[in-house]
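Report on the following structure.
The values are calculated or read from the model by the stated rules, or taken from the named source; none is laboratory data. Computed from a predicted structure; not experimentally measured. All Cβ positions, glycine included, derive from the backbone under ideal geometry; neighbour counts span all protein chains shown. We work out accessible area using only protein heavy atoms, side chains counted, and drop any ligands, DNA or RNA first. Shrake-Rupley method; radii C 1.70, N 1.55, O 1.52, S 1.80 Å.
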Amino acid sequence: MRVTPCQAALAGAIGLNLLLLYCTWRGPGGSPPSCRPPRGVPGVTVLLRDFEDFENDLTGTARSFASLPVPVLVVAETAPYPPVPLPAGVNLLLLRPAADRPPPLARPELHVRTRHVALVPDGTRPVPGLLERMRDALEEGAGDTRLVAAPVGSVPLRCLELRLEARAWTARYGPGAPGLCRAVEGTAVLLLRTRDLFALPFPLTRPVPTALFVQAAFRGWGLRVMPAAFPAARRPPVSPHGRWKTENLAETRRRRLMRDLGIKREVLADGRERWYGCSKETARCFGTVHARTPQYLLAGRWTPPCCLRALRETARHVTGALEAAGVRYWLEGGSLLGAVRLGDIIPWDYDVDLGIYREDVGKCRWLAAVAAAGEPVEDAEGFLWEKAAEGDFYRVHYSRSNRLHVDLWPFYPRGGVMTKDTWLGHPQDVEFPESFLRPRVPMPFAGFTAMAPNNARAFLELK
């Protein structure tokens, strides 16, 4: 086929444009543009993230590490206030998006070009060569080692094991052994590969050490502790007001972090517990239940531990009130099944069911008040008793705010069979012989002793 001069000129122009585009993409030094930073540059970038706006040592910490020299980035949601004079060459990276700021500034991974990063606490001073030794220890470590920690100051780090029970929303700490660290206790510089840090869903969330340890434990990453320490700066004591602000901010950040990580309870190495879920003053941890299936079950989790704790407290309170008033009650449905199997609430259940004799309702002052007025009644312990909107039965809520509850189903005998007036269509919601309740028997349940049908297996098989 013969090529005309016009076609040849067009082909040449297209080729020249492609060549210019390629050269522009490669850049003058043969490197990709800034939106695709290389990951092959040796060295360590220091990130200063854990500091307060008040009574900090940010200027001194930044200046001391910038003298090594290593790249130093100060990372914060917004610019520190009051303003902090940063040394030349130390960049401030703001995480919170703003309408007048280009989007890349909110992406710290685009500004770290070294293979490794070190997260350095405020008030730390450098030791020449120690960051490089940490980097070498990481690269020479076992296959699952992804973090290296070095202490800051004279107090050595304590190695901890960290076991995550995602289904139970729980993080458990315990004493660690050499080679089995998943977390450390104490102030530390943490070093890891840049690609590992920014592959995490919450790479720079505060408190940084806890965020990294939990996310690393989810992934099975190991942690190596270095014996060499970084010096701590000599600083004046924090004022009482500053200490109060620091503690409150730390608690707020930790709660926010645990919410984001899906952790409701921490069990510490000394056995103490920290709770981050719902309480009497808050709403429960899950929304409306559809088709008897809470949303958390679809996510592969069990009932949040704070909810189970609230259900246990409510069940103990309700059964105590019923027994004190002489109301005959018994464990029903899934609650009886949990008592038989576990001596507790089934880990994925979200309420407690009790049957009661309808003729005994008037014996309990709270039930009698609800039945008479038709309005909810709050007792002296803050539990809320009410008539259920769905039918002829009662509910006792953990509180006005937290609607975790115990259902009370009024049965009455008719011809030797226990029946009731409200049926919700549950498969186990059926009549049964009154002989199962003559007599009722005690059974361990949820940390106390509750009353149950005298032949629980037969009762459950019938239901």
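Miscellaneous remarks
- Whole-percent carbon and sulfur share, accessible surface of region 183-253, 1.4 Å: 57 percent
- Each residue of region 213-227 was assigned a 3J(HN,Hα) from its phi angle through the Karplus expression (A = 6.51, B = -1.76, C = 1.60, θ = phi - 60°), giving 4, 5, 5, 5, 5, 4, 9, x, 6, x, 9, 10, 9, 8, x Hz with x at Gly and Pro.
- Residues of type lysines that LYS363 reaches as a straight line, Cα spacing below 21 Å, ignoring anything fewer than 8 places off in the same chain: LYS387, LYS420
- Charge dipole of region 262-377 about the Cα centre (unit charges at C-beta), most positive-ward option of ALA315, LEU354, THR282: THR282
- Translational D in µm²/s for region 309-382 (Stokes-Einstein at 10 °C, 1.306 mPa s, Kirkwood Rh from C-alpha pairs): 119 µm²/s
- Centroid-to-centroid separation of region 180-228 and region 129-173 [C-alpha atoms, Å]: 6 Å
- The residues of the chain expose on average 50 square angstrom of accessible surface per residue, using a 1.4 Å probe on protein heavy atoms.
- For ALA452, nonlocal amide neighbours, meaning residues 5 or more places apart or on other chains whose placed amide H falls under 5 Å from its own, are LEU331, VAL441, MET443.
- Accessible area per residue was computed with a 1.4 Å probe on protein heavy atoms; PHE432 scores about 0 Å².
- Label assignment, volume of the Cα convex hull per residue in Å³ derived from the structure, set [x] 277; [y] 157; [z] 165: [x]
- Positive end of the dipole of the chain (Cβ unit charges, origin at the Cα centre): among GLY141, ALA324, PRO207, the Cα lying farthest that way belongs to GLY141.
- For region 173-223, fraction of C-alpha pairs farther apart than 18 Å, in %: 25 percent
- Apportionment of accessible area to carbon and sulfur, region 295-392, percent (1.4 Å): 51 percent
- Fraction of accessible area attributable to carbon and sulfur, region 39-91 (%, probe 1.4 Å): 60 percent
- J(HN,Hα) series, region 241-248, from Karplus relation 6.51 cos²θ - 1.76 cosθ + 1.60, nearest Hz, glycine and proline x: 5, x, 5, 4, 4, 4, 5, 5
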